[in-house]
1. May I ask you to evaluate 6.51 cos²θ - 1.76 cosθ + 1.60, the Karplus curve with θ = phi - 60°, for each residue of the stretch 190-197 and list the ³J(HN,Hα) values in order in whole Hz, giving x for glycine and proline?
2. How long is the gain from L157 to I99 if the chain were fully straight, where each residue apart is worth 0.36 nm and the alpha carbon distance is subtracted?
3. Considering Cα pairs under 8 angstrom that are at least six residues apart, work out the relative contact order of the chain and quote it in whole percent.
4. Any idea what angle helix 44-68 forms with the longest principal axis of the chain, computed on alpha-carbon atoms, 0 to 90 degrees, nearest 10?
5. Full-extension gain between L14 and A124, please, as 0.36 nm times their residue separation minus the C-alpha to C-alpha distance.
6. Show me, for the stretch 121-135, the HN-Hα J-couplings you get by feeding each phi into the Karplus relation (A = 6.51, B = -1.76, C = 1.60, θ = phi - 60°), rounded to Hz, glycine and proline as x.
7. Leaving out ligands, DNA and RNA, and with a 1.4 Å probe, what % of the accessible surface on the chain is carbon or sulfur?
8. Taking only protein heavy atoms into account and a 1.4 Å probe, give the accessible area per residue of the chain in Å².
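The values are calculated or read from the model by the stated rules, or taken from the named source; none is laboratory data. In this text, all values refer to a predicted model and were calculated from it rather than measured experimentally. Ideal geometry is used to build each Cβ from the backbone, glycine not excepted, and the neighbour counts take in all protein chains shown. Note: areas computed on protein heavy atoms with side chains; ligands, DNA, RNA excluded. Shrake-Rupley method; radii C 1.70, N 1.55, O 1.52, S 1.80 Å.
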Amino acid sequence: IYRYYRLTSEIKALISLTVPILIAQLAYSSMGFVDAIMVGRVSAHELAAIALGTSVWIPLLLLMNGVLLATTPKVAKCYGAGKDPEIGPLVHQALWLAIVVGIANAVDLTLIAPPVLHQMGVDADLAQTTIRYLHGVAFGFPSVALYQVLRCMSDGLSRPKPSMVIGLTALTINVPIAYSFIYGKLGLPPMGAIGCGWAT
């Protein structure tokens with residue numbers, strides 16, 4: 001009976017941790033899916049710019065997030081050992097690292113995009129649209145890096161629900177903002193793929 005009770009309690013705890021993380025990941029993935037649908041209605045040129053741009057910035061984003069993911073086990077280790085006072089300084093250092101990594105990746109993205117697209121043999125007009133789309137994405141990299149640290153902190157403290165709420169909120173906000181930027185609503189000029197980059 002004790003083993004059964006312990007097993008069921010651990011399964012419940014695991015589900016309570018896993019479900020919010022899955023929902024958050026689904027929300028983030030849905031943002032790109034929604035953007036592609038909205039831009040695809042503008043033209044094939046704009047959709048191609050986003051597809052090319054995504055192939056450039058996603059590896060950098062994964063590299064950045066991979067570096068910052070070390071925050072989660074470090075926070076979890078302190079939290080599990082009852083060393084709560086050590087969590088604050090640890091997260092502060094991670095936030096400083098996030099600023100450096102975020103800015104470095106943003107600069108890197110704007111610098112490597114033109115030669116990469118040139119090596120791929122991309123048409124000059126399409127390459128220009130892609131680069132302008134990437135400028136918008138790059139602008140958000142430092143903020144994403146800071147958010148990643150805070151998300152890792154929450155996950156390390158066994159509190160993934162804030163990430164889920166932020167993910168769903170971001171998706172909800174992204175849809176009307178991207179729509180307005182892409183199609184030129186609310187007095188804004190239509191920007192197509194470029195507006196999608198800034199909205200993202």
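1. Per residue, the Karplus-derived 3J(HN,Hα) values read x, 10, x, 4, 5, x, 4, x Hz.
2. 18.7 nm
3. With pairs under 8 Å counted, the relative contact order is 33 percent.
4. Its long axis makes an angle of about 30 degrees.
5. In short, 34.6 nm is gained.
6. x, 6, 3, 4, 5, 5, 4, 5, 5, 4, 5, 5, 5, 5, 4
7. 70
8. 57
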